[in-house]
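Chemist: Have a look at this one before I ask anything.
The values are calculated or read from the model by the stated rules, or taken from the named source; none is laboratory data. Keep in mind the model is a prediction, meaning the values are calculated, not measured. Glycine gets a Cβ as well: all are built from the backbone with ideal geometry, and neighbour counts include every protein chain shown.
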């Protein structure tokens, strides 16, 4: 007989079910969230490891926070189309909280997770705050997802925002937490993939938006802030970079050395990736602060293609040797964790 778990005090649209012990995943418990329900209420209802939250098609306008004690959680869309289920909100760094303070960059995130072993599939995570609607706010970072926690895995997920879309970070300055993104879509303009995580982006699509600005560059795709002790930072492999802006309007990256971690040594490898004409092939990197020149950082490329990958000025885009490339793989970055082997 199928066992059912009844949860009280949960918003409408949330259903919890258990499964029979006869199946291989029998002890995995499932919560379904439907329009009218709350994803955060489902997260709050999780009482241990091994839960799955299924989000049914609809738009869920809320902030979702998965704390560290909700380990091994799976959050997935009921449909295979990530556009069907959208979690979205509109806080920015400079948005004022009820207590009169501001949210800050990390606090602006629509989706936050510090849980180890998190899996997210087939969802859209978005922050739809717009600069044009808030000309009085100077803290314009507006994060779609702020992710820490070791073994965080995202597949078929869309991340939508403008500045600082995806904050791929770690639980502590000394932690080397690992993250894996596969078949994901990330959209933004300034530093829209940033942080100090050891993160692999495989078969991902990065899209730079067209900004209504009169300065160059319009933005940067990556802004890693890797800890000096961490041998690996961001690895983008077998993906593509497109742009809605004019040709050469975007840089691949700039190094982020935070004021709270001035020993950071940003690391980024982009390999086997198609770079569209929106990337400035002549000067693909730029400084964030002059005292931390990008040339001193761990920025490398290997076997890229497309008009944005052309090497025209010696030294402007450092390349891995064939021997070095063999150590910049998903296997090396992720070690004994192999999410790419999981169904």
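Chemist: For the range 313-327, state whether one or more residues are assigned to a strand (DSSP E or B) and buried (at least 18 other Cβ atoms within 10 Å of the Cβ).
Modeler: Within the range 313-327 (the criterion being assigned to a strand (DSSP E or B) and buried (at least 18 other Cβ atoms within 10 Å of the Cβ)), the answer is no, since none of the residues qualifies.
Chemist: Being surrounded by 22 or more Cβ atoms within 10 Å (Cβ to Cβ), in contact (Cβ under 8 Å) with a residue 40 or more places away in the chain and over 17 Å from residue 181 (Cα atoms) is true for just one of 95, 110. Which residue is that?
Modeler: The unique qualifying residue is 110.
Chemist: Next up: Among the residues of the range 193-208, is any surrounded by fewer than 24 Cβ atoms within 10 Å (Cβ to Cβ) and farther than 29 Å from residue 342 by Cα?
Modeler: No: zero hits.
Chemist: Right, next: Restricting attention to the range 263-291, report how many residues are closer than 24 Å to residue 211 by Cβ, touching a residue at least 24 places away in the same chain (Cβ under 8 Å) and not in a strand (DSSP E or B).
Modeler: Residues in the range 263-291 being closer than 24 Å to residue 211 by Cβ, touching a residue at least 24 places away in the same chain (Cβ under 8 Å) and not in a strand (DSSP E or B): 14 in total.
Chemist: Can you tell which of 41, 81, 99 is over 24 Å from residue 193 (Cα atoms), at pLDDT 95 or above and assigned to a loop (DSSP other than H, G, I, E, B)?
Modeler: 99
Chemist: Would you check if residue 241 is touching a strand residue (DSSP E or B) at 6+ places or on another chain (Cβ under 6 Å), at pLDDT 95 or above, closer than 22 Å to residue 334 by Cα and assigned to a strand (DSSP E or B)?
Modeler: Taking the combined requirement at face value, the residue does not satisfy it.
Chemist: Sticking with this one: Working only within the range 295-312, note down all residues that are surrounded by fewer than 19 Cβ atoms within 10 Å (Cβ to Cβ) and not in a strand (DSSP E or B).
Modeler: Of everything in the range 295-312, those that are surrounded by fewer than 19 Cβ atoms within 10 Å (Cβ to Cβ) and not in a strand (DSSP E or B) turn out to be 295, 296, 303, 306, 307, 310, 311, 312.
Chemist: Which of the residues belonging to the range 86-96 are part of a strand (DSSP E or B) and over 17 Å from the mean Cα position of the chain (by Cα)?
Modeler: 96, the sole residue that qualifies.
Chemist: Would you point out the residue of the range 131-161, among those that are at pLDDT below 95 and not in a loop (DSSP other than H, G, I, E, B), that is surrounded by the most Cβ atoms within 10 Å (Cβ to Cβ)?
Modeler: 131
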